[in-house]
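First the structure, in the form of structure tokens, and then the observations on it.
A short reminder: the numbers here are calculations on the coordinates, not readings from a lab. From a predicted model like this one, the values you see are computed outputs, not experimental measurements. No Cβ is skipped: glycine too gets one built from the backbone with ideal geometry, and neighbour counts run over all protein chains shown.
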Amino acid sequence: MSRLIADGLTKEFGDTVALEDVSFEIPDGEFVVVLGVSGSGKSTLLRCLNGLTEPTSGAVRLDGESVTEPREDVAMIFQQHNIIDNMSAFSNALTGALHRSRYVESVLQLHASEEKYRALDALDTVGLLEEAQQKARRMSGGQQQRVGIARALVQRPNVLLADEPVASLDPGSAQQVMRYLRTAASDRDLTALISLHQVNLARKFGQRFIGLRDGRKVFDGYREEFTMDVIDEIYGDVDTEGMFARTDGDGGADKGRTRPSSDRSATGERTPAVGASEGADP
Amino acid sequence: MSDEHRTDRGGWPERVVDQYDRIRAARRRRAVGVVMLVGVVGFLFVQALSAVGMFGEEFNLSFFAESLRDFFPLTLYFGVIPFLDVAQYLAFISERQLLFDPDVGRLLLTDPVAFFVDELGVFSVFGQAGITLAMGLAGTILGFPLALLFGILGSERVTPFPLNFVFRGTMSAIRSIPALVWALILIPLAGLGPAAATLAIAIDTIGNLGRLFTDELEEISDGPIEAMETTGANRPQTITFGMLSQVTTPYIAWTLYIFEINVRIAVSLGVIGAGGLGQILDVQQGLFQFTNAMATLLCIFLLIITVELFSQRTRARLRADEEPMGLRELIVGLPRRLVESLSK
């Protein structure tokens, strides 16, 4: 439930410019997908947005407050999920509540039962309630990523950031994880910013799209403006054909939140192939 | 000239030949480096051998063989077959209670409460071997908390750069003094005996185990640490959940490894008079009772092997990413697993 503003973000690592003057404003509760090839600056952008990386110039503001370090109302989901292998899914979800508990309390897991219910509820949201006691390292990649989402939800954030959450998953799990992300964000009214490199997933789940290329913002718009030409501009010479591989999911996560104009793009302009536009209306 | 050279090589494209030449040159440089390294190490080896007098020494093999005969007494079995007189070993082992203390053992059968509570007999029932084992175990447990504290605080990831050297330095200082010397230093405190030896082992553990803990912390990945930071966790929480949770398994494994070493140290501390098997060994050597000394060595061998087997099996199970075996399966399935591992 927050308004997130990036104002002229620039990040240089030595001579390389990872981000160049990126600005945008995300109103409350929007589900935004950041697109771009590897090295286009997606990760740097997300890390700047939650204060893990300090921008060379420019600023991030959340409801008018500037973000300079990680804060509990901004949750982050990582590509490598970064959950704790040795702990159960439940314990991992509970780490989202660390900022609300004292040290000894958190180490001995003496949280108030309300927190424990919240952790279980978050696991339920991502479909892992039954697996709550399973050790994270025994779970599949998709399950681990969903534990990461549960942890982020337990944090009770206003903003949900996800850095390529499905990049290392197979297509089936990727869709499932995206669906859970979408549901969680809409149920809890979160402002969400997800970076992806698969165009089909982006089209299927995104509400608004920001395109990055070589660290510059080359596109910022909603579903109806997100055409094949735009994709060409974001991806340049990269052949995007393979990215539209037909997917088998039903795309149900869009229900109720899909903008009425969602398949207007199918009318005149060039649109990405089957899997994507089909998924948009279940 | 080089152009002619290239055409000689079967008309491969110039780019391929160039790359081939570069790889060949690189390999040649590496070979020269390896030869030089071997030369330097060999040179140092010769110097070291000379420094320890290995060249000037006269080795007396026949005297050595003769003295070994005392270690291995022979007897005639059935009046004809000469073989090792095992009975002499067994007699000494039971007489001096190297492996088993019958008084305490009897107690276990007659009065278990007295065995566990009054006598605290879990270790003393194993006689001298039990004392040595107890020194190693108690020393490891005593040293563990401080090793953990110093090991964690010594890591640069936990304590900022110059400050962590306070803890690293302390551990280095402890390590620079051998456990044997620590035992001697502690004599005025506790006298020369198993108690002083245990404290010496505990101090030694702080230095060695702490160092392993610090090193292990350098290996962890940043991901979970960052993840904990983004949840808004405070510093101690980030350290515990982001860092320590990544190293619990290796920490347990290293502690078991140090326990193994500590039992060995307990033997050597016995040799300077701190009790247990080591002391028996030293006394029998001093009395030129080499058969008895050999009997003691066999007990030491048995003790060390048992401890190592236990520790290595536990570590292997910790590292293996599978459900741990139940106790029943552990005991009942032992013969089958032995056969399986032998047939590999």
Going by amide H atoms built from the backbone, whose H comes under 5 Å of the H on A:GLY36, apart from near neighbours? A:LEU196, A:LEU212
Where Lys and Arg each count +1 and Asp and Glu each count -1, what net charge lies around A:THR53 among other residues with Cβ under 9 Å from its Cβ? +1
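How much length is gained on full extension from B:GLN289 to B:GLU308, taking 0.36 nm per residue of separation minus their Cα-Cα distance?
On the way: separation 19, 0.36 × 19 = 6.84 nm, distance 2.85 nm.
Gain on extension, B:GLN289 to B:GLU308, equals 4.0 nm.
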Neighbourhood charge, 11 Å Cβ-Cβ cut-off, centred on A:LEU110 and excluding it, Lys, Arg +1 and Asp, Glu -1: 0
Could you tell me the center-to-center distance, by alpha carbons, between the range B:174-233 and the range B:58-115 in angstrom? 37 Å
What's the magnitude of the charge dipole for the range B:2-51 around its Cα centre, counting Lys and Arg as +1 and Asp and Glu as -1 at the beta-carbon? Answer in Debye, nearest 20. 240 debye
A:SER88's amide H: which non-local residues (gap 5+, or another chain) put their own amide H closer than 5 Å, with H modeled 1.01 Å from N in plane and none for Pro or chain starts? A:ALA136
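Show that you can apply the helix-only estimate: for the protein assembly as shown, add -39,500 (n - 2.57) for every DSSP H stretch of four or more residues, divide by all residues, and state [θ] at 222 nm to the nearest 500. Spell out each step's value before the answer.
Working: 26 runs with 333 residues, N = 626.
Estimated from H runs of four or more residues: -17000 deg cm²/dmol.
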Using each residue's phi in the range B:69-79, evaluate 6.51 cos²θ - 1.76 cosθ + 1.60 at θ = phi - 60° and report the 3J(HN,Hα) Karplus result to the nearest Hz, with x for Gly and Pro. 4, 5, 5, 10, x, 10, 9, 9, 7, 6, x
Can you list the residues, at least 5 places off or on another chain, whose amide H is less than 5 Å from the amide H of A:MET76, using H built in the peptide plane? A:LEU161
The farthest towards the positive end of the charge dipole of the protein assembly as shown, of the residues A:VAL147, B:MET135, B:ALA202, given +1 on Cβ of Lys and Arg and -1 on Cβ of Asp and Glu, is B:MET135
Would you be so kind as to identify which of B:ALA51, B:VAL35, B:TRP254 lies farthest towards the positive end of the dipole of chain B, taking Lys and Arg as +1 and Asp and Glu as -1 on Cβ and the Cα centre as origin? B:VAL35
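Between A:GLU54 and B:VAL40, what's the calculated FRET efficiency when r is the beta-carbon distance and R0 is 56 Å? Round to 0.05.
On the way: r = 47 Å, r/R0 = 0.83.
E between A:GLU54 and B:VAL40, to the nearest 0.05, is 0.75.
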Please give the charge dipole size of the range A:59-149, origin at the Cα centre, charges +1 on K and R Cβ atoms and -1 on D and E Cβ atoms. Round to the nearest 20 debye. 300 debye
With θ set to phi - 60°, apply the Karplus curve 6.51 cos²θ - 1.76 cosθ + 1.60 along the range A:3-19 and write out the HN-Hα couplings as whole Hz, x wherever there is a Gly or Pro. 9, 10, 10, 10, 10, x, 5, 10, 9, 10, 10, x, 8, 7, 9, 7, 9
What does the charge count near B:THR296 come to, summing +1 for each Lys or Arg and -1 for each Asp or Glu among other residues with Cβ under 14 Å from its Cβ? -2
Explain nothing, just compute: Karplus ³J(HN,Hα) = 6.51 cos²θ - 1.76 cosθ + 1.60, θ = phi - 60°, for every residue of the range B:246-256 in order, whole Hz, x for Gly and Pro. 6, 10, 4, 4, x, 5, 5, 4, 5, 5, 5
